[in-house]
Every structure is written in C-alpha cells, then in structure tokens.
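Undergrad: One structure follows; several queries about it will come next.
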Amino acid sequence: MTANSKILALSMACLLLISGGVSAKRILFYEVGSGGDYMIEGGYSKFKQELQSRGHDVASITQAGSLTKDKLQGYDVLIIQDLRTQFTIEDISSILWFVMQKGSGLFINGGDPNSANKLTIPFGTTMDTAILKDITTPIPGDTNNYDFLVNNFPAEDEFRVLHQGVIKIGFYQGSGIFLSGNARCISSGDGDTFSETGSFASGSRPCISSAALFGNGLVFVHTDPDFLTDRNIGNFDNKAFGMDIIDWLSMSREMTPPGNTTQEIAVIIGSLNLENKRLEAQVDQLSKEKSYLETTLNDITNQLTDATDKILKMESERIGPLTKTNWTILIFGLCILGAAFMLSKRKEKKIHEEASELGYELGEELGDLSEESSGGPIGGGAGQPPKA
C-alpha cells in the first residue's frame with residue numbers, strides 16, 4: 001500500500017467513524033432445504049432474537065424457487081445455514097451480484113460440501129467432506145470426539161475484529177476447509193485435530209472458518225451450523241463469535257473508493273469502524289456501571305448518616321451509663337418498691353397493735369381465772385379449810 005493510499009484509507013476511516021459506524025441491517029436467512037434445527041422459527045430462534053435485540057430486521061426464505069436479484073435487493077446480509085440446496089446458475093449469479101456489486105455480506109454456515117462448494121469455491125474456500133476429530137480438547141461432559149473446543153484464532157491485524165472478545169467456541173461435527181485466493185483463516189483446530197480420511201493430518205491445524213473480501217462485498221464461511229443453534233448458542237463464546245461475524249458482514253462498503261487497494265482499504269476502514277463501535281458500547285456500559293455505583297454509594301452514605309444521627313441522639317439522652325428513658329424506668333421501679341415497702345411496714349404495725357390489744361384483754365381474763373382458782377367460789381366456800 002502506497003503512502004497516498006494509506007492517507008486515503010485513514011481519511012475514509014475517519015469519515016466512517018464520524019458518520020456513526022455500523023447501523024442496523026436487513027438480514028435475510030435462506031432456509032430452503034435446511035432442517036428445523038437451523039431455521040429462525042425453530043432451532044435458530046435465539047439467534048434471531050439476538051439479532052433483533054440489536055436492531056436488525058430479520059426475514060427468511062423457506063419456499064423453493066429461484067434466488068433472484070429482486071429477492072436480494074432489499075437486504076444487506078444473506079445467511080445460508082446448513083446449505084444442502086443445489087443452486088442453479090441463476091441462483092449463484094444472483095448471490096455473486098449481491099456480494100460483488102451490491103457490496104453486501106454473505107454468511108455460509110455449514111452444510112453438505114457437495115452442495116456448498118459450488119458456492120464457496122469462488123470465494124476461496126472449499127469444504128472437506130470428512131468430519132474433523134480431536135480427542136485432547138473435548139467439550140466437558142461430551143464423550144463424542146467429533147465435538148470439541150476450538151481456541152485458535154490465527155487471523156490478526158485488520159481481521160481481529162472477527163474474534164473480538166472470543167476465547168473459545170464449541171465445534172460440533174464440522175469439517176476442515178482448504179483456502180485459496182485472498183481468503184483468510186479466522187479459526188482453526190489445534191495440533192491434535194485431524195480427519196480420519198487423511199485430508200488433514202495431526203499437526204496440520206485445519207482451518208474451520210474463513211473470511212474474504214470479494215468485489216465490494218464480504219464473505220464469511222464456517223463449517224459448523226450447530227454452534228448457533230438454541231442448545232449451543234449460550235455455550236462458551238459461541239454467541240459472541242456469531243455476533244462478531246454479523247457485525248463484520250454489516251460493515252458499510254458505500255464509501256470504499258475504486259482501485260487496486262480497494263480490499264485493503266475496506267478492511268482497515270471496517271476494522272476501525274467496528275472497534276470504534278465496540279469502544280462506544282464499552283463506554284456506555286461503564287457509564288451505566290458508574291451511575292449504579294454512585295446510586296449505591298449515595299444509599300450507603302444516607303444509611304450511614306441515619307445511623308450516626310441515631311447514635312448521637314442516644315448519646316445525648318444518656319445520664320451516666322443509662323439513657324433518660326432507662327433512668328425514668330429505674331426511678332419509677334424504685335418508687336414502686338418504696339411504696340410497697342411503706343405499705344408493708346404499715347400493715348405490720350397495725351397487726352402488732354392489734355396483737356397487743358388482744359394480749360391485754362386476754363391477760364385480764366387469765367388473771368380473773370387465777371384468782372377464782374385460788375380462793376373464790378370455785379373449789380369451796382369461804383372459811384372452809386382445805387382437805388387433808
């Protein structure tokens with residue numbers, strides 16, 4: 001790339017960044033021949049919902065018929081998952097026009113190699129017929145060696161946006177691919193991944209997904225449609241990878257100038273555009289987190305202030321070790337005890353007085369009885385001598 005081309009690329013990138021970046025797109029799913037697990041009203045419903053939640057319009061073609069330019073005209077991205085349809089020359093011609101001239105995005109996601117390769121070969125990608133196998137990186141809890149984890153994403157520089165935030169994905173009985181032309185490998189198996197037919201020997205690190213700029217458009221090919229099904233999209237970084245692919249395919253191509261450096265400039269512009277969008281999303285998320293933390297801090301501060309006020313109030317009401325309320329209760333209790341003590345004393349005095357009076361009267365009666373027994377009428381008359 002010449003110095004002038006780099007300046008032009010940077011200028012175009014800046015214009016795209018100012019214009020607002022990737023916007024919501026109209027996405028068409030071609031589902032003719034696809035099984036229910038790969039249709040947006042079936043096993044791809046969560047993928048559809050995720051696209052809609054990001055503002056994209058989603059539609060599908062389910063009825064067999066020619067795929068004409070008129071049918072593709074109103075869309076920005078075409079997704080063909082589990083490709084098993086035998087496309088006609090007219091179908092392929094319409095898809096090539098959609099990518100090359102209209103400058104749109106194409107996502108071919110798995111399928112029968114005998115059918116898919118008729119469409120993928122022009123974009124520098126050929127799917128192998130053999131299923132890949134890996135016994136060293138199995139999916140946890142899965143004893144099937146044809147399902148394994150992929151954590152190799154060799155594409156760097158301008159293609160790194162295709163695996164932004166992606167560390168590992170699940171790979172479910174897909175095949176390897178052979179690259180040609182300007183197609184670039186985006187993800188691949190590790191050193192122990194191989195095919196039993198010998199197409200890919202151990203150590204070959206077979207590619208499983210590729211990206212290419214084709215004319216004015218973008219093409220992404222992946223050999224495993226299962227990674228975006230409802231049962232798998234939430235596993236590992238599958239959803240993040242799927243969204244990165246859609247973001248990349250959604251890049252605007254309208255401002256890309258013609259010439260020999262078209263593809264290189266487009267990739268630079270698209271990469272800067274996507275990275276800017278993701279930085280804005282991160283800033284927005286951090287702003288929300290900051291607002292939440294500020295609200296939480298205010299709540300904690302208010303609670304601390306209330307607790308401090310209560311403590312100060314309690315301290316101001318203390319007399320010695322007790323509060324005013326405690327002293328009031330204590331004094332009131334002592335008054336009750338004092339009153340009870342006084343009442344008890346009074347009652348005791350009254351009982352003593354009554355006992356004293358009763359004892360005086362009883363003493364007089366006992367004295368009278370004593371006199372009578374010593375010489376009174378009881379025991380004989382007066383002057384009578386005692387008996388011998």
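The values are calculated or read from the model by the stated rules, or taken from the named source; none is laboratory data. In this text, all values refer to a predicted model and were calculated from it rather than measured experimentally. Please note: Cβ atoms are built from the backbone with ideal geometry, for glycine as well, and neighbour counts cover all protein chains shown.
Undergrad: Going by the conditions given, is Thr295 at pLDDT 80 or above and either in a strand (DSSP E or B) or over 30 Å from Ala155 (Cβ atoms) (or both)?
TA: The answer is yes for Thr295.
Undergrad: What's the total number of residues in segment 33-57 that are of a type in the set (A, V, I, L, M) and closer than 22 Å to Asp112 by Cα?
TA: Final tally of qualifying residues: 2.
Undergrad: Follow-up. Would you pick out the residues in segment 177-186 that are surrounded by 17 or more Cβ atoms within 10 Å (Cβ to Cβ), among the aliphatic types (A, V, I, L, M) and assigned to a strand (DSSP E or B)?
TA: Residues satisfying the conditions are Ile177, Ile186.
Undergrad: Report, by residue number, each residue of segment 200-219 that is outside any loop (DSSP other than H, G, I, E, B) and within 17 Å of Asn152 (Cβ to Cβ).
TA: Cys207, Ile208, Ser209, Ser210, Ala211
Undergrad: Give the residues of segment 46-66 that are out of contact with any Ser or Thr (no Cβ under 9 Å at 6 or more places or on another chain) and farther than 15 Å from Asn238 by Cβ, sorted by residue number.
TA: Selection gives Gln52, Ser53, Arg54, Asp57, Val58, Ala59, Ser60, Ile61, Gln63, Gly65.
Undergrad: Only one residue in Gly174, Gly165 is buried (at least 19 other Cβ atoms within 10 Å of the Cβ) and either in contact with a helix residue (DSSP H, G or I) (Cβ under 9 Å, 6 or more places away or on another chain) or farther than 23 Å from Leu119 by Cβ (or both), so which one is that?
TA: Residue meeting the stated conditions: Gly174.
Undergrad: Checking Pro225 against (1) over 22 Å from Phe178 (Cβ atoms); (2) modelled with pLDDT of 95 or more, which test does it fail?
TA: (1)
Undergrad: Which of the following residues is in contact with a Lys or Arg (Cβ under 7 Å, 6 or more places away or on another chain), acidic (Asp, Glu) and over 17 Å from Thr120 (Cα atoms): Asp230, Asp226, Asp157, Asp147?
TA: Matching residue, one of Asp230, Asp226, Asp157, Asp147: Asp230.
Undergrad: Looking for whichever is acidic (Asp, Glu), touching a helix residue (DSSP H, G or I) at 6+ places or on another chain (Cβ under 6 Å) and surrounded by 20 or more Cβ atoms within 10 Å (Cβ to Cβ) here; the options are Asp82, Asp76. Which one fits?
TA: Asp82
Undergrad: Right, another one. Anything in segment 94-114 that is in a helix (DSSP H, G or I), within 16 Å of Tyr30 (Cβ to Cβ) and under 38 Å from the mean Cα position of the chain (by Cα)? List them, or say none.
TA: Ile95, Phe98, Val99
Undergrad: Follow-up question, since we're still on this one. For segment 134-141, does any single residue satisfy the condition of being in contact (Cβ under 8 Å) with a residue 60 or more places away in the chain, surrounded by 19 or more Cβ atoms within 10 Å (Cβ to Cβ) and out of contact with any Leu (no Cβ under 7 Å at 6 or more places or on another chain)?
TA: Taking every residue of segment 134-141 in turn, at least one turns out to be in contact (Cβ under 8 Å) with a residue 60 or more places away in the chain, surrounded by 19 or more Cβ atoms within 10 Å (Cβ to Cβ) and out of contact with any Leu (no Cβ under 7 Å at 6 or more places or on another chain).
Undergrad: Okay, moving on. Just the residues that are over 40 Å from the mean Cα position of the chain (by Cα) and either closer than 18 Å to Val221 by Cα or not β-branched (Val, Ile, Thr) (or both), please, taken from segment 82-93.
TA: Scanning segment 82-93 gives Gln86, Phe87, Glu90, Asp91, Ile92, Ser93.
Undergrad: Let me ask something additional. Could you grab me the full set of residues in segment 116-129 that are surrounded by fewer than 17 Cβ atoms within 10 Å (Cβ to Cβ) and either among the small types (Gly, Ala, Ser) or not in a helix (DSSP H, G or I) (or both)?
TA: The answer is Thr129, and nothing else.
Undergrad: Let me ask something additional. Can you name the condition, by its number, that Ile167 falls short on among (1) of a type outside the set (S, T, N, Q); (2) at pLDDT below 90; (3) more than 22 Å from Leu213 (Cα to Cα)?
TA: (2)
Undergrad: Let me ask you something else. Looking at (1) at pLDDT 95 or above; (2) surrounded by fewer than 21 Cβ atoms within 10 Å (Cβ to Cβ), which is the one condition that is false for Leu272?
TA: (1)
Undergrad: Here is a list: Asp192, Asp112, Asp147. Which entry is surrounded by fewer than 17 Cβ atoms within 10 Å (Cβ to Cβ) and either among the β-branched types (Val, Ile, Thr) or farther than 30 Å from Gly74 by Cβ (or both)?
TA: Asp192
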